[in-house]
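Below: one structure, written as structure tokens.
The values are calculated or read from the model by the stated rules, or taken from the named source; none is laboratory data. Because the structure is predicted, anything quoted here is derived from the model rather than measured. Glycine also receives a Cβ, built like all others from the backbone with ideal geometry; neighbour counts cover every protein chain displayed.
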Amino acid sequence: MATVRDTVHDLLRSWGMTTVFGNPGSNELPFLDGFPSDFRYVLGLHEGAVLAMADGYAQASGRPALVNLHSAAGLGHAVGNLATPARATRRWW
């Protein structure tokens, strides 16, 4: 029987999301355990930088990227950089 982790990896593959950007904490270690060899993990030192790297990658490559952050504080640090690409793609200005 497939595990949740295996199912998520298969789903990400089907979406073409094999590049993962992150600053993981202890909650994310099960996701990274047995990380597939066809995936690439780009480690950043701060959540804001990780989100900016993923945004730049997505804009330059035209491919989606997954951002894997530590829960609570990690998302809190990244939310400012999450709002920027959301606004830019809607061209509100």
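Results, tabulated for the structure shown:
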{"read-out": "Test result for residue 19, at pLDDT 85 or above and surrounded by fewer than 17 Cβ atoms within 10 Å (Cβ to Cβ)", "value": "no"}
{"read-out": "Helices (runs of 4 or more DSSP H) wholly inside segment 13-93 containing at least 2 residues that are farther than 30 Å from residue 2 by Cα and either of a type in the set (S, T, N, Q) or more than 10 Å from the chain's Cα centre (by Cα) (or both)", "value": "47-61, 73-90"}
{"read-out": "Per-region count, segment 1-12, residues part of a loop (DSSP other than H, G, I, E, B) and in contact (Cβ under 8 Å) with a residue 40 or more places away in the chain", "value": "0"}
{"read-out": "Residue count for segment 26-83, restricted to those that are hydroxyl-bearing (Ser, Thr, Tyr), over 22 Å from residue 8 (Cα atoms) and either modelled with pLDDT under 90 or surrounded by 13 or more Cβ atoms within 10 Å (Cβ to Cβ) (or both)", "value": "0"}
